[in-house]
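Asks: Attaching a single structure in structure tokens format; questions to follow.
Bear in mind these aren't lab numbers, they're just calculated from the coordinates by the rules spelled out. Because the structure is a prediction, the values reported are computed rather than measured. All Cβ positions, even for glycine, are placed from backbone atoms using ideal geometry, and neighbour counts span all protein chains on display.
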Amino acid sequence: MQRRHNMPFGAACNPDGSVRFRLWAPAARQVDLFLAEAAKHISMPRIEAGWFELVTDAARAGSHYRFRIDGRLEVPDPASRFQPQDVHGPSEVIDPGTFDWQDRAWRGRRWEDAVIYELHVGAFTAAGTFSAARERLDHLADLGITALELMPLADFPGRWNWGYDGVLPFAPDHTYGNPDALKTLVQAAHDRGLMILLDVVYNHFGPVGNYLGSYAPQFFTARHCTPWGDAINFDGAASRPVRDFFIQNALYWLTEYHFDGLRLDAVHAILDDSNPDFLTELAHTVRETAGPDRHLHLILENDRNEARHLQRTSRCHSRTYTAQWNDDIHHALHVLLTGEKDGYYADYAEQTVDRLGRCLTEGFAYQGELSNFRNASRGEHSAGLPPGAFVSFLQNHDQIGNRAFGERLVRLADRRAVRAAATILLLSPQSPLLFMGEEFGAETPFLFFCNFEGELATTVTEGRRNEFAQFGRLSDPVERRRIPDPNAATSFEDSKLRWSCRTEPRHRDWERFYRQLLTLRRETLLSRLSQSCTIAADYKVHGDTGLTARWRFNDGSRLILLANLGKTAIPELDAPRSGLIYATEEVSTHALKRGTLPPWSVAWFIES
């Protein structure tokens, strides 16, 4: 079968063999289409409100083209479906109807099933391609992963990048493969029962290769300011085409590529005073377009902890967004495991276990309280939302890669501590996320990397190093010089997973551990989660490191957690007398009966 998203802009192949080209260029007096193979320019008529359109038989699928603005500036199509020669090169006409989809019956999976695995296509394998990633899908499905989450794919400048510097959001980056290779990866995931999600960036464009300001300055506004400069214009004059550009992008990935969901990066940096705001309009449009028969999931990264985006209907369906990455739970666990209290971790330095308990049973730790780090109140009331509305993690690309040396948690904390924390997250009712390689205890760093040139490269390198001036020994400029250069090829190469290490005993042991927990999650939790929307829950703190948490499901059963996230044993706990389903290796049944929990240990129970 064919899947095609009919966009109101860009290049579209018509049934009669012609191609329609359409560009919004309100600041241009004249726009010409340049066809590379024919080496000729064709004038594009202005039709309305800044739009230029041309239908021609001179182009076909595979043709390379640019738009020439006012006879002087040649630019790629901002809605290019493929950029075979990078962001400054010509765009390629793609006919999505030539790909033969075989997953007609795939409707996705319920969010309650989600065990998410975040990966960077370029660093996931040695080859760094869609095709190479496909070869690892059996490993992930066998492990117990149910959803892949790809870091952003939008075409970026150079040969390596995290993806958040993309400038052509409809074009999967050519270094990973062509559109058909990505579609083959999506279909292969579905063949194995895996959902596949895509990280998208709607809060800014990267610093190299974005030409929109030269012919559509209305795309941006100085009324709002972001860390990247002027904001994208979601709420000012002429904002309708801007909003449509990104809403169509979401529909494009979900329709033409059959992704099962999107993760929207840093939506707190999308500044919009309109009603309905862009986030609400996007979610409503996606859900209305998808219809009731398909499971589609929209995930937020939102530093504001705005629980209103996560509300459910009376039938427990998402009104707008399915879930949010919960930084609070990561930060609390990270402080407990490593003792680090710099930067945003300072907000979790006090009452750390209490904040963890609140995350596990209510969602956010900050639900309107003052954040000293931000010097402002943060968050909204989140108790009563389904546990699946919160994505929990010990590691992700940010929390590893935004460290100076990109160290993974196994390099920073006691092995027992990491296992205790992983046991909590993988068996709690919330939606767990693993970062690539976490399942086998990967020790390779995940560094910040990009491939800029000239003065920008120098600025990024120095800026990156200076970010860490307030951190302990890195206050010394000489020490900061040791921080890897993001633009160096070695920063990218060193970040690639080393799959060969899985044969080593300690890595095999980590993989057995994760496999066992994910099997137990599937066998004991999934049926209960599917029968419950809101789950009554409570917690109790024991000293500085002990925690008991309880969840009551609709079938009357109770899930109970006992945890000690510290270096000394906790005595006199009121432990259940039966129903133990899992305990970390430090726990003995005899000690539990006496109410004692050893250092860095966790026990889970289910009472019928």
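Asks: Set Lys and Arg Cβ to +1 and Asp and Glu Cβ to -1, take the dipole of the chain about its Cα centre, and tell me which of Ile299, Thr524, Met7 lies farthest positive.
Replies: Comparing the listed Cα positions along the dipole, Thr524 ranks first.
Asks: List the aspartates and glutamates whose Cα sits under 20 Å from the Cα of Lys40, skipping any in the same chain fewer than 8 residues away.
Replies: Those aspartates and glutamates meeting the cut-off are Asp32, Glu53, Asp57, Asp70, Glu74, Asp77, Glu92.
Asks: Please list 3J(HN,Hα) in residue order for region 274-288, calculated via the Karplus relation 6.51 cos²θ - 1.76 cosθ + 1.60 where θ = phi - 60°; whole Hz, with x for glycine and proline.
Replies: In residue order, the calculated couplings are 7, 9, x, 6, 4, 4, 5, 4, 4, 4, 5, 5, 4, 5, 5 Hz.
Asks: For the chain, give me every cysteine whose Cβ has no other Cys Cβ within less than 4.7 Å, ordered by residue number.
Replies: Cys13, Cys225, Cys359, Cys450, Cys501
Asks: Additional query: What full-extension length gain, to one decimal in nm, is calculated for Lys40 and Leu526 as 0.36 nm per residue of separation minus the Cα-Cα distance?
Replies: Taking 0.36 nm per residue and subtracting the Cα distance, the gain is 169.0 nm.
Asks: Along the Cα-to-Cβ line of Glu350, 7 Å from the Cα, sits a label point; which residues in region 361-383 have backbone N less than 20 Å from it?
Replies: 365-379
Asks: Once Lys and Arg get +1 and Asp and Glu get -1 on their Cβ, which of Leu185, Ser18, Thr490 lies farthest toward the positive end of the dipole of the chain?
Replies: Checked the options; the winner is Leu185.
Asks: Next question, about the same structure. Which whole-number percent gives the relative contact order of the chain, counting Cα pairs below 8 Å spaced six or more residues apart?
Replies: 10 percent
Asks: Measuring from centroid to centroid over Cα atoms, what is the spacing of region 108-157 and region 535-565 in Å?
Replies: Value for the Cα centre distance between the two parts: 32 Å.
Asks: Let me ask something additional. Please list, ordered by chain and number, the residues whose modelled amide H lies under 5 Å from the amide H of Leu198; skip anything fewer than 5 residues away on the same chain.
Replies: Leu150, Gly261, Leu262, Arg263
Asks: Of Gly579, Val208, Trp325, which is farthest on the positive side of the dipole of the chain, counting Cα position, with +1 on Lys and Arg Cβ, -1 on Asp and Glu Cβ, and the Cα centre as origin?
Replies: The listed residue farthest towards the positive side: Gly579.
Asks: Sticking with this one: What are the ³J(HN,Hα) couplings of region 197-207, residue after residue, when phi is run through the Karplus curve with 6.51, -1.76, 1.60 and θ = phi - 60°? Round to Hz, x for glycine and proline.
Replies: 10, 10, 7, 10, 10, 10, 9, 5, 10, x, x
Asks: Further, regarding this structure: Under 5 Å between amide hydrogens, which residues at least 5 positions from His542 or on another chain qualify, with H placed 1.01 Å from N in the peptide plane?
Replies: Amide H to amide H, under 5 Å and 5 or more residues apart or across chains, His542 pairs with Leu547, Thr548.
Asks: Test of understanding: ordering Lys183, Lys40 by Cβ neighbours within 10 Å, fewest first, what list do you get?
Replies: Lys40, Lys183
Asks: Mind checking the full-extension length gain between Leu412 and Asn14? Use 0.36 nm per residue of separation minus the Cα-Cα distance, one decimal, nm. Could the numbers behind the result be given before it?
Replies: On the way: separation 398, 0.36 × 398 = 143.28 nm, distance 5.61 nm.
Here the answer is 137.7 nm.
Asks: With N set to the residue count of region 535-607, report its C-alpha Rg divided by 2.2 N^0.38 Å to two decimal places. Write down the numbers at each step before the final one.
Replies: Details: Rg = 11.8 Å, N = 73, 2.2 N^0.38 = 11.2 Å.
Its radius of gyration relative to the 2.2 N^0.38 Å reference: 1.05.
Asks: If the reach is capped at under 29 angstrom between alpha carbons, list the lysines near Lys183, excluding any in the same chain fewer than eight residues apart.
Replies: Hits, sequence-local ones excluded: Lys496.
Asks: To the nearest 20 debye, what charge dipole does region 535-607 have about its Cα centre, counting +1 at the Cβ of each Lys and Arg and -1 at the Cβ of each Asp and Glu? List each step's numbers first, then the result.
Replies: Values: 8 positive and 8 negative charges, 23 e Å.
Here the size comes out at about 120 debye.
Asks: Using unit Cβ charges (K, R positive; D, E negative) and no other charged atoms, how large, in debye to the nearest 20, is the dipole of the chain about its Cα centre?
Replies: Working: 67 positive and 79 negative charges, 243 e Å.
Result for the chain is approximately 1160 debye, rounded to the nearest 20.
Asks: Just to be sure I understand: of the beta bridges DSSP finds with both ends in the chain, what percent are antiparallel, rounded to 5?
Replies: 70 percent
Asks: Treat the count of other C-beta atoms within 10 Å as a stand-in for reagent exposure and order Glu306, Glu350, Glu48, Glu511 from fewest to most. Intermediate values should be presented prior to the final figure.
Replies: Values: Glu306 19, Glu350 11, Glu48 7, Glu511 15.
Starting with the residue having the fewest Cβ neighbours, the order is Glu48, Glu350, Glu511, Glu306.
Asks: Suppose each label sits 7 Å from its Cα in the direction of the beta carbon; what would the Ala489-Asp509 distance come out to in nanometres?
Replies: Between Ala489 and Asp509, the label points sit 3.7 nm apart.
Asks: Quick one: order Asp476, Asp113, Asp165, Asp70 by neighbouring beta-carbon count within 10 Å, fewest to most.
Replies: Going from sparsest to densest Cβ surroundings: Asp476, Asp70, Asp113, Asp165.
Asks: Still on this structure, please answer the following. In debye, nearest 20, what is the charge dipole magnitude of region 305-444 about its Cα centre with +1 on Lys and Arg Cβ and -1 on Asp and Glu Cβ, if you could check? Show your work: numbers first, answer last.
Replies: Values: 15 positive and 17 negative charges, 74 e Å.
Approximately 360 debye in magnitude.
Asks: Round to the nearest 0.05 the FRET efficiency obtained for Asp142 and Arg223 when R0 = 51 Å and r is the Cβ-Cβ distance.
Replies: 0.50
Asks: Per residue of region 462-476, what does 6.51 cos²θ - 1.76 cosθ + 1.60 with θ = phi - 60° give for ³J(HN,Hα)? Whole Hz please, x for Gly and Pro, Karplus curve as stated.
Replies: 5, x, 4, 5, 6, 4, 9, 5, 8, 9, x, 5, 6, 5, 7
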